[in-house]
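Right, one structure below, let's go through it.
The values are calculated or read from the model by the stated rules, or taken from the named source; none is laboratory data. All values reported here derive from a predicted model rather than from experimental measurement. Virtual Cβ from ideal backbone geometry, glycine too; neighbours counted across all protein chains shown. Ligands, DNA and RNA are excluded from the accessible area calculation, which covers all protein heavy atoms including side chains. Shrake-Rupley method; radii C 1.70, N 1.55, O 1.52, S 1.80 Å.
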Amino acid sequence: MSFQSLGLSEPLLRAVVERGYQDPTAVQQAVIPEVLRHRDVWARASTGSGKTAAFVLPILEALSRRELVVPRRVQALILVPTRELAKQTTDEIAGFRRHLRQRPKTVVVLGGVSINPQMMELRGGADIVVATPGRLLDLVANNALSLGAVSQLVLDEADRLLDTGFADELGRIVALLPAARQTLLFSATFSPAVSRLAEQLLREPVRIDVTETPTEVPAIQQRAIEVDAPRRTQLLRHLLEHHDWERVLVFVATTHATEHVSAKLQSAGINAIALHGKLSQGARTRALDLFRSSSVHVLVATDLASRGLDITGLPAVVNYDLPRSPNDYVHRIGRTGRAGESGVAISFITPDMKAHFALIEKRHQHFLVRERIAGFEPTQAATPVQATVQATGGIKGRRKSKKDKLREAAGRDDKD
Ligand code: AMP
């Protein structure tokens with residue numbers, strides 16, 4: 001299927017070509033025509049699926065069919081959980097609107113930075129607002145913008161919006177919107193919490209599911225390497241030396257581990273930096289900028305801190321600690337292999353985590369050969385009885401007993 005057949009007009013098609021997109025992704029093929037038909041949409045699609053363009057393109061198409069008035073009134077509201085997603089969305093909008101006869105004005109509204117510049121920018125209104133929920137409400141309270149003319153609402157990564165504790169804010173925002181509007185909801189899961197939100201917000205939605213099919217990840221080479229837990233940092237160094245990766249994103253389980261692993265790498269002369277939720281917004285932005293500009297070679301992050309991260313040209317992702325859930329696995333590996341580039345996702349499988357990784361594989365029906373690297377072959381056996389408990393947290397849905405915790409404390413072997 002081509003972009004031409006989706007119902008987009010020529011100025012947008014031209015921009016699509018200039019952006020280097022040849023064919024629409026699965027989510028774009030499914031979503032764009034439905035949005036143009038004014039249907040509410042609930043799509044399950046993870047980062048990396050092309051979901052941003054799937055809502056940005058039809059929103060721009062809808063705006064291009066109307067006369068944009070001055071002062072501008074917010075017609076499309078895009079709610080996102082993180083600064084990184086906001087940036088990615090505005091980048092897509094800026095890339096696609098360039099040939100439109102009337103270029104919609106887009107304003108980004110984010111918490112964690114000074115409110116005044118955002119208030120200034122909103123003078124004279126905006127056609128599209130990309131926002132995190134809390135700051136949006138602050139601006140409404142300050143009369144800096146009104147939501148009474150919104151005809152299209154997008155909730156991007158709705159599950160993360162809920163995880164981040166924005167549920168109350170979402171309710172208050174929706175109460176300010178006209179009832180006659182189109183709502184598009186994107187989430188990585190169809191979890192009960194997201195389902196409840198969808199029931200409240202969507203009217204007879206088209207449900208689109210393009211995520212977690214085994215065909216979703218062919219551009220990404222997945223590898224599983226067996227190694228003892230205490231030797232993971234050395235194995236990581238070995239891989240860094242033997243591959244010509246421009247940048248590597250390394251996932252660990254805890255804030256402490258981001259600091260620990262990045263410090264170990266630094267002392268080995270590798271340019272590494274930690275990214276975790278306890279950093280200030282400024283420090284996070286700096287870390288990401290350094291990584292994007294290739295001043296830093298390795299970014300060591302937790303799942304939470306890397307939410308919504310979109311870095312093109314990321315050839316490798318390493319699961320130093322395995323993710324807790326199969327969904328997180330998809331989120332993580334989807335950071336590489338973006339925009340048609342090839343990417344590799346490597347998981348370190350320690351003896352204690354074998355069973356856990358097998359569960360992830362089973363869930364995705366995608367099974368990997370276990371590799372061993374010469375000099376790093378595992379020699380340890382799984383901790384007896386408790387073979388499936390992760391160093392931090394355990395398997396989702398399974399509570400650790402007191403005995404488990406004691407065993408874990410006794411057997412903690414991550415001291416590289
Ligand atoms: P997203 O899932 O929206 O985070 O998009 C993932 C990445 O894919 C972004 O870097 C987009 O620029 C890129 N992308 C989106 N749609 C296409 C497409 N049809 N062809 C090639 N790259 C795309």
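So here's what we get for this one:
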{"read-out": "Hey, residue 378 part of a loop (DSSP other than H, G, I, E, B), modelled with pLDDT of 90 or more, open to solvent by less than 10 Å² (accessible area, probe 1.4 Å) and of a type outside the set (Asp, Glu) or not", "value": "no"}
{"read-out": "Scan of region 252-286 for residues that are open to solvent by 40 Å² or more (accessible area, probe 1.4 Å), more than 20 Å from the chain's Cα centre (by Cα) and among the hydroxyl-bearing types (Ser, Thr, Tyr), ordered by number", "value": "267"}
{"read-out": "Segments classed as helices (runs of 4 or more DSSP H), wholly inside region 150-262, with at least 3 members that are out of contact with any helix residue (DSSP H, G or I) (no Cβ under 7 Å at 6 or more places or on another chain) and on the phi < 0 side of the Ramachandran plot", "value": "167-175, 192-201, 232-242"}
{"read-out": "Of residues in region 26-53 being free of Cβ contacts under 8 Å to residues at least 60 places away in the same chain and within 8 Å of the ligand (Cβ to nearest atom), the one most open to solvent (accessible area, probe 1.4 Å)", "value": "50"}
{"read-out": "Verdict on residue 309 being open to solvent by less than 40 Å² (accessible area, probe 1.4 Å) and part of a helix (DSSP H, G or I)", "value": "no"}
{"read-out": "Filter result for the condition that a residue is near the ligand (Cβ under 10 Å from one of its atoms), of a type in the set (A, V, I, L, M, F, W, C) and either surrounded by fewer than 23 Cβ atoms within 10 Å (Cβ to Cβ) or at negative phi (or both), over 56, 70, 74", "value": "56"}
{"read-out": "Tally of residues being under 25 Å from residue 238 (Cα atoms) and touching a residue at least 24 places away in the same chain (Cβ under 8 Å) across region 358-380", "value": "12"}
{"read-out": "Unique match (being outside any loop (DSSP other than H, G, I, E, B) and modelled with pLDDT of 95 or more) among 8, 12, 85", "value": "12"}
{"read-out": "Tabulated pairs, region 105-125, first part of a loop (DSSP other than H, G, I, E, B), second among the hydroxyl-bearing types (Ser, Thr, Tyr), C-beta under 7 angstrom, 6+ apart or interchain", "value": "110/132; 111/132"}
